[in-house]
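Working notes for the structure below.
The values are calculated or read from the model by the stated rules, or taken from the named source; none is laboratory data. Because the structure is a prediction, the values reported are computed rather than measured. Cβ placement follows ideal geometry from the backbone for every residue including glycine, while neighbour counts extend to all protein chains displayed.
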Amino acid sequence: MGNAHKLRAPLLYTISCRRLVLPGAVALALAALATGAQAQDVTAAATTTEAAEATDAAAKEAKNLDAVVVTGSHIRGTAKEAALPVDVITAEDLRRRGSPTMLELIKSLPVTGSVLGESNQTNTNLGAQARSGAGTINLRGLGPQRTLVLLNGKRFQYGQVDTNLLPQAAINRVEILKDGAAATYGSDAIAGVANFFTRTDLLGFDAALNHRFVDGSDGDSDLSLAYGWQGENSNLLISAGAQERSELSVMDRDWSYLPRTVNPTSYSAYSNPGAYFPLFGVATVDANCAALGGEVVNTGNIPTCQFPFAPNLNLIEKEKRHQIYGEFNAYFSEDTSFHGEMMYAVNDTPELRTSPGFPPFNGPTGPFTQFTTPITNPGAVTALQQAGYNLAQIPFMSPIFLTYWRPIAMGGNPLAGGMGGTATERKYKLFRTSAGLEGSFTDDVQWQASVTYVRDKAWANTPDILTSRLQRALNGFGGPNCSGTVAGANGCQYFNPFSNAIAYNPALGLTNPGFVQANANSLDVINWMFGTVAIKSESEYWVGDAAVTGKTGWDLSGGSVDFAVGAQVRRLDFESNPLNDASNYLIQPCPTPGQTNCAFPTGAFIFQGTTVPARLSEDVEALYGELNLPFTDKLNMQAALRYEDYGGQTGSTTNPKLAANWQATDWMSLRGSVGTTFRGPTPANRAPGGSTVVAFIGPAGGFRAVDNFGNPAVGPEEAFSYNVGAMFHAGNFNASIDYWNYELEDQIVSVPAATIAGSMVLPTGFVDCSSALRDLVTFDNSNTCTQGTTRGANIARIRSDTTNGPTVNTSGIDVVMDYVFDDVMGGNLRLNANTSFILEYDQEAFYYRDVLVSNAYDARGYLNYERLPGTVSKWRGNLAAEYAKGAHVLRAAVNYIDGVVDDRGRVAVQTGGSVACSLANAGVVPGCQLSTADVDIDSFTTFDLNYLYTYSENLSFHAGVWNVFDTDPPQTRTSLSYDPAISSPYGRSFTIGVRAQF
C-alpha cells in the first residue's frame, strides 16, 4: 500500500477540488468529524480542526500533511488558512446516527429551509419545489435552485438537483459551504454549496443492509454494496445501492384527516356525489352525500357536497431508487494522474396518489361550461327520486346541468386501487460521467483539465378525463366499442354521474345505502374516458474545466502567495415532448380532437393542461481567478473573481469575493467574507412556451389550473452576501458563531397565481374586472367578467408568467458548540449543539406590470401559505450526546424546529345557511363560523436513540428508535394537515442494520 499512498498525493489537486487524502489524513478526519452529533463546523481555523482531534498522534500527523483543497476555493491550502464556514458530515457520522437517508440527513441540517420531504404532493405548501419524487437542498431557505450541488467538486446535474439520484453507497462525506460562492463556482451558488465526496480508501467489499419499521406501512429498506481495489499505481471503486420506500396512507395517521371545521383546506366543493340543476328544478345536492362521507353545505346560495379528498392521498409515497457508480484513479508518472467516474441512477415513484378524479374546470365548450346529462341516463331518474322529485315531475327535467361536481370522487378511482386515489407516475433517470487529468508544469505550478457529461431524463404520467369523451359518455355514447347513433345501444354506454352508481367509499369504509347495482358504471367506460397527460423531458449537459494553480513566486510575512486561474464552459441542450396527441397543445389545443380554432384553447382534458414541445439550449462561458494572501502567520486573506457570460438578453456578470481569517489569540480566531453572487435564468425561464400545474387558489375557493409561461426578457438575479464569525478553542471545548446576511435582488419567479387572483378579488368577493392583470385570468361563463357579478369562485384558470421579482433580505446566526469528556467510566462522552437562528426574512413589495401584486411582508416565523418562500421557522437546532466505549457507541439526540404562524389568520367555514360566508360575517350569520384550527403552528421536537455495536473489525450492527415519544406533527391547515417543512409523518419508527466488510 505504500505506492497507493504515493498515488493519492498528486490526485489531491484535481480541478474538482477533490480531496483524495492520505490514509493518515483519513484517520484524522474521521476522528475529527465522526462526532456522532450534528455536523461539526470544521471550516477554518486550526482551533476548529483541532477541536475534533481524537489523539495527540493524529494531531502530529495532521501538521505534516500536504495541503488539501477545501470546498469554497480552488487553491490548495490547509484548514488553518481557510476562512469559509463549511460543515462536514462523514459516512461514519451517518452510521452512528442510524444510517439516515440523504433526505433525512438534509432535513436534519439546521441551515436548511423547506425541502421536499416524504410526501411530494404539490399542495403541501412547498410551491415551486414540488417535483414529485425528488429530493432537494435548500440552504438558508432561499430556494433549492440557489444551492449548488457538486459531486467530487463538479456539478452533479443541471438546475435543481434531485438528491435521491446521488450514489449513496459511494458517498464518504458531504461538505456544506454555508456562504455565497458564485465567485468560485459560478451560477446557482447564491446560498451555498453542497459538495458530496466519494470513497477512495476502500479495499475489498463493504455491504450494508438497513431497514426502518414504520407503523402502518411496510417500512423503508436500503441495501448497498461497494467494492474497492488498490493497485500499485491505481485504484478502483464500484458501488451499487437500492432503496425502497413504502407508502403510508393518510388514514394510517389519526392526525391527518380532520373535520372540515378544523381544516377546510382538505375539502372540496367539487364532489361526486355533487350538485346539479334539473331543468325546471332547483339546485340539488345528490341525496347520498352524507352517507358516503361528505357534508352538505351552502356555498353562497348553492348547496354543495363537501368532498374530503385527503383520505385518498398518501403521507409517504411509494418510491424505488437505484444507483450504480464506478470510479477509477491512475498515476501515470511522477506528476501526471487521471480520475474518471461514471454513474447511472433511477428514481421511480410509480403510484403517487392524487385525488380520485379532477373537477371539470374545462367544460364541453370552454372553461367551466357545464356538462349535462339527459333524463335517459340510467342514474338520472334514480337520483331525482332519491332527491325527492316525483315521477310526474321527472320527465320535464331533462337535461340535468351538473354544477359543483367531479366525475369521480367519494367512490374512489376504480382503476387505481389503494384508497381510491388516482395513481400518477413520475420517473427520473440520470447518466453521468466525468474524467480529468492533472499534472505539473514545475514543482510549484500544477494544471488540471476535466470534462463532465450528464444526461437527465424525466417522465411524468398524469391520468385525467378527456373532455369530449366525458360529455359523450354522459349522453350515452361512451365506451371503446360504441357504434351507431342510439344512446346506450350497439356497444355504447352511459356514464352515470350520480351517487347511485357508487357502492362504497374505499377510503372511509362507508357503504352507500342508495347504491343501485344496475346503475353502476362499467370499468370499460371509465377507462375509456381517461387519457394521460404524458410528458418526457431530456437534457444533455456538458461542463468543461481547465485550471492552473500554484505559487506566484511572491512571498508575504505568512508565506507564499498562491493562485488559481481557470476557465469553464457549460453547454445545455434540453427538450420536452408530449408523448401523445392529447398532451400536445400543437396537435389538440381544443377539447374536440381535430379542432384547432376553439374560443378557449384549454386542451383536451377537463382539468390538466397540455404542453407545447420545447427545444432549448444554453451556452455559458466563464473565467475565474483566486489569490491566497498570507499577510502574517496569523492573518490570511483570500480573493476571488469570476466572470460568466450567458449571451442574449441575460448578458454577463462579474462577481468578486474577499475572505479573511485572523488567529487573534491562541484560543480564538475570527473570520469573514463578503462578495456578490449570481444566478442566470434557465432556458425554461426564457422559453415562451408553458406547462400547466394544479394549485389551491384561496381567492378562487379551491384548486385551479395554473398555466406557467417563460419570458425571453427575464433578467438574471444577483445577491450581495457577507459572513462574520468567530471560533473558540479551550481544552476540550470548541465553538463557532457566525453572522450571515444575504440581499437577493431581481429573484427569478413565476408570478404567484394566488396573488394574481388575490389582487383582483375584492373584499366583497367580487372581481375587479378592470384590473391590469385581467388577461391573466380565464373565467367560467365563456371567460366573461361582469363587474359586480363575477366572483372569485368564477376563476377557471390563471396564467403565471416568469419575471424578476422583489428583493429579499435575510440574515441570521449559526452556532456550533462541542465538548468532550475524557475517561467517563472508561469511555468518552461528547456533547454537541448546532443551531441556526434567522433574524430576518423580508420580502419587499412585488409589482408586476406596475400593479401591486403583493405588499411587502415579513416571512420569518410564518407558514407563508401560497406565497414565497414557503415556511420559514425562526430557528432550527439539535443537541446530541454520544458515549463511546470500546465496541459500543450510544447516541441520543434532540431535534427542534421552531413553530410558525399561519399568515392566513382565521378562515371562515360555511356550515349551512343561505348567506355567503366571509370573515366579516363569521359567527354573525347562521351557518358561518371561524375555523377552529390554531393560527399558531406548534414547534416540532423529536428525541432519537441510536446504538452502534462493532462486533469485529469486519462486522457491525446498529439499532435505533427515531421519535422515541411518538410526537405528532403540529396541526396545519394544509391538505395533509401537516407541514413537511416543519415535521415528519413517520411517528415513532425503529431501525436496524448490519454492515459487513470482507
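Let me confirm something: among ASP801, ASP822, which residue is over 29 Å from the mean Cα position of the chain (by Cα) and either modelled with pLDDT under 95 or not acidic (Asp, Glu) (or both)?
ASP822
Filter region 832-847 for residues that are among the aromatic types (Phe, Trp, Tyr) and either crowded, with 19+ Cβ neighbours inside 10 Å or in contact with a helix residue (DSSP H, G or I) (Cβ under 6 Å, 6 or more places away or on another chain) (or both); which is modelled with the highest pLDDT?
Taking the candidates together, the pick is TYR841.
Among the residues of region 212-240, how many are surrounded by fewer than 18 Cβ atoms within 10 Å (Cβ to Cβ), aliphatic (A, V, I, L, M) and closer than 30 Å to MET251 by Cβ?
Within region 212-240, residues that are surrounded by fewer than 18 Cβ atoms within 10 Å (Cβ to Cβ), aliphatic (A, V, I, L, M) and closer than 30 Å to MET251 by Cβ number 1.
Just checking, which of PHE358, PHE338, PHE332, PHE328 is closer than 30 Å to TRP405 by Cβ, of a type in the set (Phe, Trp, Tyr) and touching a strand residue (DSSP E or B) at 6+ places or on another chain (Cβ under 9 Å)? Walk me through it before giving the result.
On the way: PHE338 fails: closer than 30 Å to TRP405 by Cβ; PHE332 fails: closer than 30 Å to TRP405 by Cβ; PHE328 fails: closer than 30 Å to TRP405 by Cβ.
Among PHE358, PHE338, PHE332, PHE328, only PHE358 is closer than 30 Å to TRP405 by Cβ, of a type in the set (Phe, Trp, Tyr) and touching a strand residue (DSSP E or B) at 6+ places or on another chain (Cβ under 9 Å).
Conditions tested, residue by residue: (1) at pLDDT 95 or above; (2) in contact with a Gly (Cβ under 8 Å, 6 or more places away or on another chain); (3) among the hydrophobic types (A, V, I, L, M, F, W, C); (4) under 17 Å from ASP286 (Cα atoms).
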{"position": "TYR494", "(1), (2), (3), (4)": "yes, yes, no, no"}
{"position": "PRO497", "(1), (2), (3), (4)": "yes, yes, no, yes"}
{"position": "ASN505", "(1), (2), (3), (4)": "yes, yes, no, yes"}
{"position": "LEU510", "(1), (2), (3), (4)": "yes, yes, yes, yes"}
{"position": "VAL516", "(1), (2), (3), (4)": "yes, yes, yes, yes"}
{"position": "ALA520", "(1), (2), (3), (4)": "yes, no, yes, yes"}
{"position": "LEU523", "(1), (2), (3), (4)": "yes, no, yes, no"}
{"position": "ILE526", "(1), (2), (3), (4)": "yes, no, yes, no"}
{"position": "MET529", "(1), (2), (3), (4)": "yes, yes, yes, no"}
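What about GLY609, is it assigned to a loop (DSSP other than H, G, I, E, B), buried (at least 18 other Cβ atoms within 10 Å of the Cβ) and under 34 Å from the mean Cα position of the chain (by Cα)? Before you say what the answer is, go through the steps one by one.
On the way: assigned to a loop (DSSP other than H, G, I, E, B): yes; buried (at least 18 other Cβ atoms within 10 Å of the Cβ): yes; under 34 Å from the mean Cα position of the chain (by Cα): yes.
It is true that GLY609 is assigned to a loop (DSSP other than H, G, I, E, B), buried (at least 18 other Cβ atoms within 10 Å of the Cβ) and under 34 Å from the mean Cα position of the chain (by Cα).
Checking MET397 against (1) touching a Lys or Arg at 6+ places or on another chain (Cβ under 8 Å); (2) modelled with pLDDT of 90 or more: exactly one of these is not met. Which one?
Failed condition: (1).
May I ask you to say which residue of THR974, THR932, THR942 is part of a loop (DSSP other than H, G, I, E, B), under 27 Å from the mean Cα position of the chain (by Cα) and among the β-branched types (Val, Ile, Thr)?
THR974
Tally time: how many residues in region 495-506 are hydroxyl-bearing (Ser, Thr, Tyr) and either in contact with a helix residue (DSSP H, G or I) (Cβ under 6 Å, 6 or more places away or on another chain) or surrounded by fewer than 24 Cβ atoms within 10 Å (Cβ to Cβ) (or both)?
So the first thing to find is which residues in region 495-506 are hydroxyl-bearing (Ser, Thr, Tyr), and the list is 499, 504.
Going one step further and asking which of them are either in contact with a helix residue (DSSP H, G or I) (Cβ under 6 Å, 6 or more places away or on another chain) or surrounded by fewer than 24 Cβ atoms within 10 Å (Cβ to Cβ) (or both), we end up with 504.
Number of matching residues: 1.
How about region 248-264: which of its residues are touching a residue at least 40 places away in the same chain (Cβ under 8 Å) and surrounded by fewer than 24 Cβ atoms within 10 Å (Cβ to Cβ)?
SER249, MET251, ASP252, ARG253, TRP255, TYR257, LEU258, ARG260, THR261, VAL262, PRO264
Across region 96-119, what is the number of residues that are farther than 22 Å from GLU319 by Cα and either modelled with pLDDT under 85 or surrounded by fewer than 21 Cβ atoms within 10 Å (Cβ to Cβ) (or both)?
Counting residues in region 96-119 that are farther than 22 Å from GLU319 by Cα and either modelled with pLDDT under 85 or surrounded by fewer than 21 Cβ atoms within 10 Å (Cβ to Cβ) (or both) gives 0.
Do the conditions hold for LEU209, that is, is it at pLDDT 95 or above, in a strand (DSSP E or B), buried (at least 22 other Cβ atoms within 10 Å of the Cβ) and not hydroxyl-bearing (Ser, Thr, Tyr)?
no
Could you please let me know if GLU743 is closer than 25 Å to SER187 by Cβ, buried (at least 18 other Cβ atoms within 10 Å of the Cβ) and of a type outside the set (Phe, Trp, Tyr)?
no
Residue by residue through region 526-555, note down the ones that are in a strand (DSSP E or B), among the polar types (S, T, N, Q) and surrounded by fewer than 18 Cβ atoms within 10 Å (Cβ to Cβ).
Hit for region 526-555 is THR552, nothing else.
Filtering region 442-456 down to residues that are out of contact with any Gly (no Cβ under 8 Å at 6 or more places or on another chain) and either exposed (fewer than 15 other Cβ atoms within 10 Å of the Cβ) or at pLDDT below 95 (or both), which residue is farthest from TYR344 (Cα to Cα)?
Only one residue fits best here, namely ASP443.
THR369: of a type in the set (Val, Ile, Thr) and at pLDDT below 90, yes or no?
So THR369 passes the test.
Taking interchain pairs and intrachain pairs at least six residues apart, which have beta carbon atoms under 7 angstrom, with the first residue in region 426-452 and within 30 Å of VAL561 (Cα to Cα) and the second of a type in the set (Phe, Trp, Tyr) and at pLDDT below 95?
GLU438/TYR13; GLN446/TYR13; TRP447/PHE441; GLN448/TYR13
Could you run through region 574-606 and say how many residues are in contact with a strand residue (DSSP E or B) (Cβ under 6 Å, 6 or more places away or on another chain) and part of a helix (DSSP H, G or I)?
The number of residues fulfilling the criteria is 2.
With the requirement that a residue be part of a loop (DSSP other than H, G, I, E, B) and in contact with a strand residue (DSSP E or B) (Cβ under 8 Å, 6 or more places away or on another chain), what does region 719-755 give you?
Selection gives ASN732, ASP746, GLN747, VAL751, PRO752.
Sort out which residues of region 905-914 are free of Cβ contacts under 8 Å to residues at least 40 places away in the same chain and part of a loop (DSSP other than H, G, I, E, B), and write them in order of number. Step through it out loud before you land on a result.
From region 905-914, those free of Cβ contacts under 8 Å to residues at least 40 places away in the same chain are 905-906, 908; that's our starting set.
If the condition is that a residue be free of Cβ contacts under 8 Å to residues at least 40 places away in the same chain and part of a loop (DSSP other than H, G, I, E, B), then GLY905, ARG906 are the ones that fit.
Here are ALA892, ALA859: which of them is over 24 Å from ASN946 (Cβ atoms), of a type in the set (Gly, Ala, Ser), touching a residue at least 12 places away in the same chain (Cβ under 8 Å) and in contact with an Asp or Glu (Cβ under 8 Å, 6 or more places away or on another chain)?
Numbers: ALA892 fails: over 24 Å from ASN946 (Cβ atoms).
None of the others qualify; the one that does is ALA859.
Collect the residues in region 646-690 that are within 30 Å of GLU538 (Cβ to Cβ) and surrounded by fewer than 16 Cβ atoms within 10 Å (Cβ to Cβ), keeping them in residue-number order.
Within region 646-690, GLY647, GLY648, GLN649, GLY651, SER652, PRO688 meet the criteria.
Within region 691-711, is there a residue that is within 23 Å of ASP545 (Cβ to Cβ) and crowded, with 21+ Cβ neighbours inside 10 Å?
Looking through region 691-711, none of the residues is within 23 Å of ASP545 (Cβ to Cβ) and crowded, with 21+ Cβ neighbours inside 10 Å.
Could you pull out the residue among PHE733, PHE728 that is surrounded by fewer than 18 Cβ atoms within 10 Å (Cβ to Cβ) and over 30 Å from ARG797 (Cβ atoms)? If you could, list the steps in order and put the result at the bottom.
Values: PHE728 fails: surrounded by fewer than 18 Cβ atoms within 10 Å (Cβ to Cβ).
Just a single option satisfies the conditions, and that option is PHE733.
Please enumerate the residues belonging to region 616-638 that are in contact with a helix residue (DSSP H, G or I) (Cβ under 9 Å, 6 or more places away or on another chain) and surrounded by fewer than 17 Cβ atoms within 10 Å (Cβ to Cβ).
Selection gives SER617 alone.
Among residues belonging to region 273-306 that are hydroxyl-bearing (Ser, Thr, Tyr) and closer than 20 Å to THR376 by Cβ, point out the one that is nearest to the chain's Cα centre (by Cα).
If we take residues in region 273-306 being hydroxyl-bearing (Ser, Thr, Tyr) and closer than 20 Å to THR376 by Cβ, then TYR276 is nearest to the chain's Cα centre (by Cα).
Is it the case that some residue within region 798-814 is buried (at least 21 other Cβ atoms within 10 Å of the Cβ), small (Gly, Ala, Ser), touching a residue at least 60 places away in the same chain (Cβ under 8 Å) and under 19 Å from ALA719 (Cβ atoms)?
The answer is yes; a qualifying residue exists.
Determine which single condition CYS769 fails, assuming it passes every other condition in (1) assigned to a loop (DSSP other than H, G, I, E, B); (2) under 14 Å from ASP801 (Cβ atoms).
(2)
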